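These notes concern the structure reproduced below.
The values are calculated or read from the model by the stated rules, or taken from the named source; none is laboratory data. Quick caveat, the model's predicted, so the values are computed rather than measured. Backbone-built Cβ (ideal geometry, glycine too); neighbour counts: all protein chains shown.
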Amino acid sequence: MTACTLTQKPAQRRPRRAHRGSVPIVPPYLDPLEQFVSPERVARIDHVLAHRLASLTVVCEDVFDPHNVAACARTCEALGLQDLHWVLNKNALRLSSTVAKAADQWLTFHHHDSTEAGVAALKAQGYELWVSDLQADCALADLPLGPKVAVVIGNAKFGISERMRQLADRRYIVPMHGMVQSFNLSVALALTLADLVPRRRRELAMLGQTGDLPTAALAELRAKWLEFGVDRADIVRRALAAEATRDGTP
């Protein structure tokens, strides 16, 4: 039984060709699963991954409302962030699928059992922690964007914890001009990222880059995302690997 009989037929695709003189050279697939995925989907995956940001991340501290959880995840994914950190001091993580619109499957979630543990893990990776604070004297737009920034949001009822406030590296205020004193947390996050993400992308553009995902993470995510479009992808991978071994393919 061949690998093709284990799943759907290979997608019809024109091989990508590189020309050396007059002889067309057809390179192997970067991933063997590509033969079962449409060229359009592969191109979409590659485009999104090329624009993914690792130097900006979000930390949700005890955000327990499923709709807020989902809205935050959807905002992060849509703006091109890859990592989303959850600090779960008191509440379990719950996510509304109707609001998330499957954004969670494209993100990498990190769970921390306490504020201290989450902060320590992020600072060990070189992130500055930024928190919004109504008492801050610095507007978000005035803060210089460091190499790695983690934006922290708290739950809708209490905001961030006092401990998180103490451990933060930067405090900022999102300008407001109405009578209410705060935005919905997912809106506040969206406004914050709408400022930071374009700034980071402008910096990357000056370096000739579209994203800053590490190479190892990019390769791992690419393999995972291709699997979403292949039925029984784990079985297919094993069959392809076994076939390659029999054929002596490196």
Taking the criterion of being surrounded by fewer than 15 Cβ atoms within 10 Å (Cβ to Cβ), in a helix (DSSP H, G or I) and modelled with pLDDT under 90, would at least one residue in segment 71-80 satisfy it?
no
Of the listed residues (Leu189, Leu196, Leu213), the one being surrounded by 16 or more Cβ atoms within 10 Å (Cβ to Cβ) and not assigned by TED's automatic domain parsing to the domain that holds Asp65 is Leu213
Of all residues in segment 38-63, which are within 28 Å of Glu116 (Cβ to Cβ) and of a type outside the set (Gly, Ala, Ser)?
Leu53, Leu56, Thr57, Val58, Val59, Cys60, Glu61, Asp62, Val63
Is it the case that segment 222-234 has a residue that's touching a Gly at 6+ places or on another chain (Cβ under 9 Å) and touching a residue at least 12 places away in the same chain (Cβ under 8 Å)?
no
Going by the conditions given, is Leu134 aliphatic (A, V, I, L, M) and surrounded by 14 or more Cβ atoms within 10 Å (Cβ to Cβ)?
no
Of the conditions (1) in a helix (DSSP H, G or I); (2) closer than 30 Å to Gly229 by Cβ; (3) at pLDDT 90 or above; (4) among the hydrophobic types (A, V, I, L, M, F, W, C), Val99 satisfies every one except a single condition; which number is it?
(3)
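Here is a yes/no grid of residues against (1) touching an Asp or Glu at 6+ places or on another chain (Cβ under 8 Å); (2) within 28 Å of Arg202 (Cβ to Cβ); (3) modelled with pLDDT of 95 or more:
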| residue | (1), (2), (3) |
| --- | --- |
| Asp113 | no, no, no |
| Val119 | no, no, yes |
| Leu122 | no, yes, yes |
| Gly126 | no, yes, yes |
| Trp130 | yes, yes, yes |
| Asp137 | no, yes, no |
Checking Ser161, Ser114 in turn, the sole residue that is on the phi < 0 side of the Ramachandran plot and in contact with a Gly (Cβ under 8 Å, 6 or more places away or on another chain) turns out to be Ser161
Only one of Pro32, Pro66 is at pLDDT below 95 and more than 30 Å from Asp113 (Cα to Cα), namely Pro32
